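Below is one structure; the comments refer to it alone.
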Amino acid sequence: MVLQHTLGAGFARQGVGLHTGAPCQVRVEPAPPHRGRYFVCMDQEQQPISAQVERVGPTQLCTVLQAGSAQVATVEHLLAALVGLGIDNARIEVQGPEVPLLDGSALEWAKAIEAAGRVSQAVPRAEVHLAESVAVQEGEAFVCAVPAPHLCFTYGIDFPHLPAIGQQWYTWEPEREPFVTAIAPARTFGFAADIERLQAQGLIRGGSLDNALVCSAQGWLNPPLRFANEPVRHKLLDLVGDLSLLGVIPIAHYLAFKAGHRLHVQLARHLRTLVSPLESAHASG
C-alpha cells in the first residue's frame, strides 16, 4: 500500500512569467490528506483552483487552470515536480499571472521539494491501473496510453529542418531513474524564427537565453545542453505535469509523438472518463 504524502515544510520562489514577462511569486505549503494539489491566486479572487483536468482553460504553449474569475498559467513544471517527487497534497499560493519560469526546467522546483522534505500522511494513495488503450491524434501528432504493469513514458519529436534537434526519442521509467536526475533538469526550448511572431501575440515575453534553449537553423544559440536529447526530455516533463491533473497518474505506458499541451490535456480528459472518480486527493475548488 502506497501512502499519500505532503511537504515537510513550505518554500517560496520568485521570477518572471514565461509569457507575460511579469514578476511572479509562488509559495508552496503542506496540505492535509485528500486535499490534492491546488492553487490560490493571492492577488485575484482567492477561490482555490484544484490542479485537476476539469479546471483547464484555453491552452496555448502552456497549461492554464481557472476557477471563477481566478486564473493561473504555466503550471506544468511545478506540477510535474510535485507529482514526480511524490507530493499528493500541497497548497500553492501565487502572486502574479503565472508560475515563474525560473531556469526553464523543473530542477529548482525539485530541489526545493527535496529540501522541504516529504511527510507520510498515513492515508492510502489510490493506485489505478489502466484497463484499456486510449489515444488522441491530430495528423501525425498523437498521445496514447496502453495498459502496462508499471508506469512508463515514451516521447518522440521530429524537427528535420533543424539539424541540431532532428528526431529524438526518450523513454523514462520512474521505477528505474529518478525524476530529479532524468527529467527535472530538461529546459523549455524554442525557435529563433518564431520569437518575434509569438511576442507579437503576447506570448513568451519573459523568455530569454537564461531560461530557455533557443535553436536556429545554424544550431543552438545558448549551448551547452544538459542532455544530448534535452528537448525531448522537456516534452516528457510537460506530459508528466499535464497528466498530474488526474490527481494520480494511472499506471500505463504513455506514448506521445509531436504532441503538446492541448493533446496531453485531451488524453487526460479521456482517461478521466475511464478511471474517474480517482480515489485520490481531490480539491474542491
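Just so it is clear, none of the values below were taken in a lab; they were calculated from the coordinates. These numbers come from a predicted model, not from an experiment. Here the Cβ positions follow ideal geometry from the backbone for every residue, glycine too, while neighbour counts run over all protein chains shown.
Could you give the nm distance between label points at HIS150 and LYS111, where each point is 7 Å from its Cα heading toward the beta carbon?
2.9 nm
Of all DSSP beta bridges in the chain, what percent run antiparallel (nearest 5)?
Beta bridges within the chain, antiparallel portion: roughly 70 percent.
Sort HIS261, HIS234, HIS150 by Cβ crowding within 10 Å, fewest neighbours at the top.
So the residues, fewest neighbours to most, are HIS150, HIS261, HIS234.
Please give the net charge around MET1, taking every other residue with its beta carbon less than 9 angstrom from that of MET1, where Lys and Arg add +1 and Asp and Glu add -1.
On the way: positive: ARG125; negative: GLU127.
Local net charge: 0.
If you average the sequence gap of Cα pairs under 8 Å that are 6 or more apart and divide by the length of the chain, what percent do you get for the contact order?
28 percent
Return the calculated 222 nm mean residue ellipticity for the chain, to the nearest 500 deg cm²/dmol, obtained by summing -39500 (n - 2.57) across DSSP H runs with n ≥ 4 and dividing by the residue count.
Working: 6 runs with 58 residues, N = 285.
So the calculated ellipticity at 222 nm is -6000 deg cm²/dmol.
As an exercise, use a Förster radius of 41 Å and the Cβ-Cβ distance of ARG205 and ALA9 to find the FRET efficiency, rounded to the nearest 0.05. Could you put the intermediate results ahead of the total?
Working: r = 33 Å, r/R0 = 0.81.
Plugging the Cβ-Cβ distance into 1/(1 + (r/R0)^6) gives 0.80.
Along the Cα-to-Cβ line of TRP169, 7 Å from the Cα, sits a label point; which residues in region 243-276 have backbone N less than 12 Å from it?
Those under the cut-off are 256-257.
Averaging over every viewing direction, what projected area does the convex hull of the Cα atoms of region 118-257 cover, in nm²?
10.7 nm²
Would you mind pulling out the separation of the Cα centroids of region 177-228 and region 40-66, in Å?
24 Å
Residues in region 1-42 near a label at SER120, defined as backbone nitrogen under 20 Å from the 7 Å Cα→Cβ point?
Answer for this model: 1-9, 30-36.
Please turn the phi angles of region 251-263 into ³J(HN,Hα) values with the Karplus equation 6.51 cos²θ - 1.76 cosθ + 1.60 (θ = phi - 60°), one per residue in order, whole Hz, x for glycine and proline.
6, 6, 9, 9, 10, 10, 8, 6, 9, x, 4, 4, 5
For region 3-127, what is one quarter of the convex hull surface built on the Cα atoms, given in nm²?
Dividing the Cα hull surface by four gives the mean projection, 7.1 nm².
What per residue convex hull volume, in Å³, do the alpha-carbon atoms of the chain yield?
Cα convex hull per residue, to the nearest whole number: 120 Å³.
About the Cα centre of the chain, what is the dipole size in debye to 20, counting +1 per Lys and Arg Cβ and -1 per Asp and Glu Cβ, all else neutral?
It comes to approximately 180 debye.
Highest mean first, how do 41-52, 101-112, 186-197, 215-226 rank when packing is the count of other Cβ atoms within 10 Å averaged over residues? List each step's numbers first, then the result.
Values: 41-52: 18.8, 101-112: 22.5, 186-197: 16.9, 215-226: 12.8.
Ranked by mean Cβ neighbours within 10 Å, highest first: 101-112, 41-52, 186-197, 215-226.
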